[in-house]
Amino acid sequence: MRMMSLLLLLFSMASYAALPGDSIYQLNSEWQDQHNNKMKLSDLAGKKQLVALIYTDCVTACPVIVADMKKLQDALSEQQQQELEFVLVSLTPSHDTPKVMKHFAKKRELDEHWTLLSGDDSKVRTLAMALNISYMGMPDGEIAHSNAFTVLDEQGRLQLQQNGLPGGTQALIEKIWPN
């Protein structure tokens, strides 16, 4: 048993060492997904990730962000759909429990290519800072936040970041997969 624990520790350390120094996956924080599974950001390694920070009871910008991400997903080829995953990170983790996020995903018809993450406030703040995303709670309970999509490469490095789909889905697809 002790040998198995040591092997797991060494494997874990090796996988972090294999990540580039500028990888978001170097953040060694634990999160919960919409299925109540515990995971680390490094568990996302191996595929490109389209990441956005939202909150599930938002009625202004967040529904647009999710709709734009779904438009992009619908415009992808079958091959591209196998290479890109979608990640939504909650800005209100005390409200956005796994149960709430699972309901949100079902209501918006988000499929198996989507991961919804919730962590504590400090983890969210640290990730937001690493992604250069600003947010702030407002007196009315709303959250003012950047409306950016962030594309991470397979190793968790920032590939590109933009607000919305100003050039349409095809323009973003061409940025993600340049010829």
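The values are calculated or read from the model by the stated rules, or taken from the named source; none is laboratory data. Note that this is a predicted model, so its numbers are computed, not measured. Here the Cβ positions follow ideal geometry from the backbone for every residue, glycine too, while neighbour counts run over all protein chains shown.
Can you list the strands (runs of 3 or more DSSP E) found entirely within the stretch 73-179 that contain at least 1 residues being of a type outside the set (F, W, Y) and within 14 Å of the chain's Cα centre (by Cα)?
Details: elements: 84-90, 114-118, 135-137, 143-145, 148-152, 158-163.
Because the criterion is at least 1 residues that are of a type outside the set (F, W, Y) and within 14 Å of the chain's Cα centre (by Cα), the strands (runs of 3 or more DSSP E) in the stretch 73-179 that meet it are 84-90, 114-118, 148-152, 158-163.
Of the residues that make up the stretch 54-67, is at least one hydroxyl-bearing (S, T, Y), assigned to a loop (DSSP other than H, G, I, E, B), within 23 Å of A144 (Cβ to Cβ) and in contact with a helix residue (DSSP H, G or I) (Cβ under 9 Å, 6 or more places away or on another chain)? Steps first, answer last, please.
Start the filter on the stretch 54-67 by keeping residues that are hydroxyl-bearing (S, T, Y), which leaves 55-56, 60.
Filter once more, keeping what is assigned to a loop (DSSP other than H, G, I, E, B): 55-56, 60.
Narrowing further to those that are within 23 Å of A144 (Cβ to Cβ): 55-56, 60.
Still in the list and also in contact with a helix residue (DSSP H, G or I) (Cβ under 9 Å, 6 or more places away or on another chain): 55-56.
Looking for residues that are hydroxyl-bearing (S, T, Y), assigned to a loop (DSSP other than H, G, I, E, B), within 23 Å of A144 (Cβ to Cβ) and in contact with a helix residue (DSSP H, G or I) (Cβ under 9 Å, 6 or more places away or on another chain), one finds at least one in the stretch 54-67, hence yes.
Looking only at the stretch 55-63, decide whether some residue is loosely packed, with under 14 Cβ neighbours inside 10 Å and either within 22 Å of G167 (Cβ to Cβ) or in contact with a Cys (Cβ under 7 Å, 6 or more places away or on another chain) (or both).
Checking the stretch 55-63: at least one residue is loosely packed, with under 14 Cβ neighbours inside 10 Å and either within 22 Å of G167 (Cβ to Cβ) or in contact with a Cys (Cβ under 7 Å, 6 or more places away or on another chain) (or both).
Give me a count of the residues in the stretch 8-39 that are modelled with pLDDT of 90 or more and part of a helix (DSSP H, G or I).
At the first step, the residues of the stretch 8-39 found to be modelled with pLDDT of 90 or more are 20-27, 29-39.
Subset that is part of a helix (DSSP H, G or I): 24-26.
Within the stretch 8-39, residues that are modelled with pLDDT of 90 or more and part of a helix (DSSP H, G or I) number 3.
Residues to consider are M129, M101, M138; find the one that is out of contact with any strand residue (DSSP E or B) (no Cβ under 9 Å at 6 or more places or on another chain) and either within 14 Å of I65 (Cβ to Cβ) or of a type outside the set (D, E) (or both).
Details: M101 fails: out of contact with any strand residue (DSSP E or B) (no Cβ under 9 Å at 6 or more places or on another chain); M138 fails: out of contact with any strand residue (DSSP E or B) (no Cβ under 9 Å at 6 or more places or on another chain).
One residue alone meets the criteria, M129.
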